[in-house]
Each structure stands twice: as C-alpha cells, then as structure tokens.
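The values are calculated or read from the model by the stated rules, or taken from the named source; none is laboratory data. None of these values were measured; they are calculated from a predicted model. Cβ coordinates were reconstructed from backbone atoms using ideal geometry, including for glycine residues, and neighbour counts include every protein chain displayed.
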C-alpha cells in the first residue's frame, strides 16, 4: 500500500483520510477544493503492510474524516481497529460496500473471478470506459483521460492484476466499519447499484443516490460539500 499527502499545511486542524479505488490515482479528486484540510490518500492494494498510526499525527487535528471510494470502502476494513481508535468525526463511503465481492451486496463473485482470469489491456480499458460512462447533470465538470490511468506497458497490467488477486484473498468478517453516510450512483456499471443499496439498507446507513456513473466525484466541487 502507498500513501500520498495531497495537501499538508502545518496550520490545518482538519484531516481527511481518503481510501481510493482500485488502480486510481490523485487526479480523480484534483478538482475538489478546500485548503482547510490536510488530505492523505491511500491506494495500491497489492499488499496490506500499512499502519495509519505511522503516517498520522493524531494530536494535531481537531476534526478527522474518513472518505472511501469503491474498492477503498472494502479495503479500509483491514484497518478497522486503527480507524476506531482515531475517532473520526464522520465516515463516508462512495460507490462501494463492506462486502465488495458478494452476489447480493457487491460485485458478483463470478464476475470478479472472471475479471481476474480474463484481465488484459482491453478489459482494463473497458473498465475505465464503464467507470466514466454516463451523461449526467454535472455541476463541476472535470475532464479525465484514460491516459491518466493507463500506460501501455506490462508493468501497469501486472500491478492491476496483482491488486485484484490481493483483494480477492481478503477474508471478510462480520465486524465492519460503521459508515455514517454512503453515496450510491444510480448508473454504476462497476458495482451494481441495486447491490450497493441492498447492503446499506441492511445496515441502516443513510444513503444518497446520485445521478452519476461509478465515477462520482464530479458531483462535488469541494471536500466540504462531500462531507456535509
């Protein structure tokens, strides 16, 4: 796993810990404004040798927020104990669930396993096409090119497949992060919207449905808007 500070100012007293999605980088949230937050992004799920305690100065912050997107919602559960001790003011999930590889509450198991088996450059491009596909009512337009994510080399594809395999080996428990709010895109072509709604309804989490594809961040102009 990797972490990257998107913003860090010694004067800031508010923190966002952002668990990003599979193979996603910082460019998907580059348009979100808010200079009042320190923001650290977590990604690269090829392994889970990581500790939030090692990268955060908890005593510095008066407010802390956990935001998780897509596969990041699922992977954040591996750090549930640390997350509980950090006492986040609010925890928000976007287009993901705590049971990501699941026929009722996430990506159907057969589809996930086939994705690994048949993974190649073409299927990765199809994933990105489906991720952004939906002409929605956008307040904060953002142009994202496939070139922001795809390199035509074997190393990129190797990493992507390794992440999928690593995530598939997570052994889910019945003890999950309790998110305070979830956002679900009505036109999600990556994780069935119906399955996401099934999950959040089953755990009685406040859910807001957005007219958007899997990529949901262009529905927001700032981190504060997302959090409120």
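One table, with the values for the structure above:
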{"item": "Members of segment 87-108 found to be over 19 Å from the mean Cα position of the chain (by Cα) and on the phi < 0 side of the Ramachandran plot, listed by number", "result": "103, 104"}
{"item": "Helices (runs of 4 or more DSSP H) within segment 148-228 that include 3 or more residues closer than 20 Å to residue 101 by Cβ", "result": "154-168, 193-202"}
{"item": "Evaluation of residue 104 against (1) out of contact with any helix residue (DSSP H, G or I) (no Cβ under 9 Å at 6 or more places or on another chain); (2) exposed (fewer than 15 other Cβ atoms within 10 Å of the Cβ); (3) in contact (Cβ under 8 Å) with a residue 24 or more places away in the chain (one fails), failing number", "result": "(1)"}
{"item": "Residue in segment 122-134 that is touching a strand residue (DSSP E or B) at 6+ places or on another chain (Cβ under 8 Å) and either surrounded by 15 or more Cβ atoms within 10 Å (Cβ to Cβ) or modelled with pLDDT of 70 or more (or both) present", "result": "yes"}
